[in-house]
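Data first, discussion second: the structure below is written as structure tokens.
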Ligand code: PA5
């Protein structure tokens, strides 16, 4: 169960929050927006099938490796990190989404190459960070006389690109990223599912949760359509001049979900010079002692979305006092109340518990929300011309040096 409570937005001064009338005036636009989304021919909500091929491969090979290393960046890495941090797993996964030489060196020193599987994830097959990591680790594998096709798996475009070509020529296992799914919307394809399956996460349940949320996303009924509700509150609050969105889970395990969402919001909605919401992450309760001062008394330019967990599935008692479960709940409510008192817009997403199903649901919730948000602004939420430009400049500069 995942639900949204935006009542605090009605409790604050309407110049910062919302009135019922404002909200009601957009309630009947879901069908129109769904039609527009459909016309954009995006696959993120249409690919929620039984991931049989991924499961079979993962089951066959997962016990052969001590380390699974994902080489990828942006949408090709953030989903795997989020899954690894949120859900119980074998602890074998390393997500290498940077090219910091010290980091590369440390990982090289740590790996037992004979027992390592590298998953090279790049939809385009040309992202320089990922191709450089691939070349580096491939050379290491070859120097150790290990078979490349036993130590590498590719996840890339279904037909084209250098990775696809190499996989075909060298019999390297390869999984597709469907043509109509962009990086940041790809977590429920092999991009997120293969690393997850290899570390023992139940990917059927992830898909099950996403499917349930997808039904809500496609519902024309406002009360049912959670992705639309969140898109609408975010849009309306942004119209009141709140250009920053803070996602603040009261759950250590969901901090990386906020990171995944940060990319989704920034890269999808930051467009055309005048459109964009700056995402920020905060962690409850930790950041109460770091960010709360700014949120309470600094510029009133943010919407804060809390994520709370209804049932942590464990209970720990503080000697002579209440439980940690009670304390975290009390602290979240205190933060919420103090912000509301100061007319600071805030809302809460409640997740029943952290499990495969709820994480799958949250992925689809936010992907659907961003798709709707794009339609509110009448922009294409699915391209990233700014990212492409800097990729191109980097490539040109590297060419001149090599
Ligand atoms: O969301 C996106 O499209 C980007 O963040 C990409 O995922 C990122 O740039 C990596 O691209 P690729 O998968 O082509 O290597």
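The table below lists the values:
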| read-out | value |
| --- | --- |
| Failed criterion for residue 374 (all others in (1) more than 16 Å from the ligand (Cβ to nearest atom); (2) in a helix (DSSP H, G or I); (3) crowded, with 21+ Cβ neighbours inside 10 Å hold) | (1) |
| Qualifying residue in the range 308-331 (condition: within 22 Å of residue 367 (Cβ to Cβ) and touching a helix residue (DSSP H, G or I) at 6+ places or on another chain (Cβ under 9 Å)) | yes |
| Subset of the range 63-74 that is farther than 14 Å from residue 151 by Cβ and touching a strand residue (DSSP E or B) at 6+ places or on another chain (Cβ under 9 Å) - its residue that is surrounded by the most Cβ atoms within 10 Å (Cβ to Cβ) | 72 |
| Qualifying residue in the range 63-78 (condition: within 26 Å of the chain's Cα centre (by Cα), more than 16 Å from the ligand (Cβ to nearest atom) and assigned to a helix (DSSP H, G or I)) | no |
| One residue from 185, 152 being buried (at least 18 other Cβ atoms within 10 Å of the Cβ) and more than 12 Å from the ligand (Cβ to nearest atom) | 152 |
| Residue pairs meeting the criteria (Cβ under 6 Å; at least 6 apart or on separate chains; first in contact (Cβ under 8 Å) with a residue 24 or more places away in the chain, in the range 64-75; second part of a loop (DSSP other than H, G, I, E, B) and more than 10 Å from the ligand (Cβ to nearest atom)) | 66/112; 67/92; 67/111; 68/92 |
| Number of the condition not met by residue 46 [criteria: (1) within 25 Å of the chain's Cα centre (by Cα); (2) crowded, with 16+ Cβ neighbours inside 10 Å] | (2) |
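Here's the yes/no breakdown for (1) within 25 Å of residue 11 (Cα to Cα); (2) more than 24 Å from the chain's Cα centre (by Cα); (3) in contact (Cβ under 8 Å) with a residue 12 or more places away in the chain; (4) surrounded by 17 or more Cβ atoms within 10 Å (Cβ to Cβ):
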position	(1), (2), (3), (4)
297	yes, yes, yes, no
307	yes, no, yes, yes
311	no, no, yes, no
316	no, yes, no, no
324	no, yes, no, no
341	yes, yes, no, no
350	yes, no, yes, no
353	no, no, yes, no
362	no, no, yes, yes
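Let's see how each residue does on (1) assigned to a strand (DSSP E or B); (2) more than 13 Å from the ligand (Cβ to nearest atom); (3) surrounded by 19 or more Cβ atoms within 10 Å (Cβ to Cβ):
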site: 55; (1), (2), (3): no, yes, no
site: 83; (1), (2), (3): no, yes, yes
site: 89; (1), (2), (3): no, yes, no
site: 103; (1), (2), (3): no, yes, no
site: 106; (1), (2), (3): no, yes, no
site: 130; (1), (2), (3): no, no, yes
site: 133; (1), (2), (3): no, no, yes
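None of the figures in this text is laboratory data; all of them are computed from the coordinates on show. Note that the structure is predicted; figures quoted are calculated from it, not measured. Ideal geometry is used to build each Cβ from the backbone, glycine not excepted, and the neighbour counts take in all protein chains shown.
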